[in-house]
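Asker: To start, I am sharing the structure in question, which I have written as structure tokens.
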Amino acid sequence: MTTIDRSADQAAITSVLHRITEAWAAHDGDAFARVFTENGTMILPGVFRKGQADIRAFMTQAFAGPYQGTQVTGQPIDLEVHGNTAVVISKGGVLAPGETEVSEARAIRATWVVVKDDGEWRLTAYQNSPVHAPGDAA
């Protein structure tokens with residue numbers, strides 16, 4: 001009988017979030033896209049991108065435009081492992097230049113579907129939504 005080391009898997013799975021944060025900090029669209037599987041998907045409000053090339057192009061342009069000078073932060077709040085697939089729920093958001101806390105207007109919850117691909121945990125689907133609906137009081 002093989003023993004599964006869930007703590008090692010959990011650390012490797014949450015490292016996916018850290019790799020995204022590091023790629024964002026470097027404003028590196030290529031490093032950001034490499035965290036995804038070849039045909040991974042990314043859904044942001046108003047945005048759908050599929051595949052590393054599409055994600056790379058979008059993030060490279062975003063880092064030169066609306067995300068220039070920003071950072072991103074996120075903390076896992078739930079993690080479920082199902083064989084070679086894991087679902088992580090996180091809270092966080094985009095930090096504007098000089099901010100240390102995510103503003104209520106930019107606070108998000110995200111779902112990360114992570115798969116073990118050739119021995120490495122990689123992101124296959126990412127989606128985020130604002131914490132507050134438009135018009136909600138914070």
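Asker: If residue 75 meets every condition in (1) surrounded by 12 or more Cβ atoms within 10 Å (Cβ to Cβ); (2) outside any helix (DSSP H, G or I); (3) within 12 Å of the chain's Cα centre (by Cα) apart from one, which number is that one?
Answerer: Condition (1) is where residue 75 drops out.
Asker: Any idea how many residues of segment 29-44 are more than 19 Å from residue 64 (Cα to Cα) and out of contact with any strand residue (DSSP E or B) (no Cβ under 7 Å at 6 or more places or on another chain)?
Answerer: Qualifying residue count for the region: 1.
Yes/no per residue for (1) modelled with pLDDT under 95; (2) charged (D, E, K, R); (3) under 16 Å from residue 84 (Cβ atoms):
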position	(1), (2), (3)
5	yes, yes, yes
18	no, no, no
23	no, no, no
28	no, yes, no
35	no, no, no
40	no, no, yes
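Asker: Could you grab me the full set of residues in segment 21-41 that are hydrophobic (A, V, I, L, M, F, W, C), touching a helix residue (DSSP H, G or I) at 6+ places or on another chain (Cβ under 8 Å) and over 17 Å from residue 127 (Cα atoms)?
Answerer: Once the filter is applied, which keeps residues that are hydrophobic (A, V, I, L, M, F, W, C), touching a helix residue (DSSP H, G or I) at 6+ places or on another chain (Cβ under 8 Å) and over 17 Å from residue 127 (Cα atoms), segment 21-41 yields 23, 31.
Asker: While we're here: Keeping to segment 16-72, report how many residues are among the aromatic types (Phe, Trp, Tyr), farther than 19 Å from residue 101 by Cα and surrounded by 13 or more Cβ atoms within 10 Å (Cβ to Cβ).
Answerer: 4
Asker: Considering only residues that are closer than 19 Å to residue 27 by Cα and of a type in the set (Gly, Ala, Ser), look in segment 85-138 and name the one that is surrounded by the fewest Cβ atoms within 10 Å (Cβ to Cβ).
Answerer: Here the answer is 98.
Asker: Also, I was wondering about something else. Scanning segment 38-72 for residues that are under 13 Å from the mean Cα position of the chain (by Cα) and touching a residue at least 60 places away in the same chain (Cβ under 8 Å), which turns out nearest to residue 104 (Cα to Cα)?
Answerer: 44
Asker: From 87, 102, which residue is under 18 Å from residue 17 (Cα atoms) and within 14 Å of the chain's Cα centre (by Cα)?
Answerer: Exactly one of 87, 102 is under 18 Å from residue 17 (Cα atoms) and within 14 Å of the chain's Cα centre (by Cα), namely 87.
Asker: Which of (1) closer than 26 Å to residue 10 by Cβ; (2) at pLDDT 95 or above is the odd one out, the single condition residue 56 does not satisfy?
Answerer: (1) is the only condition that residue 56 fails.
The values are calculated or read from the model by the stated rules, or taken from the named source; none is laboratory data. Please read all numbers here as calculations on a predicted model, not as lab measurements. Don't worry about glycine lacking a Cβ; one is built from the backbone with ideal geometry, like all the others, and counts go over all protein chains shown.
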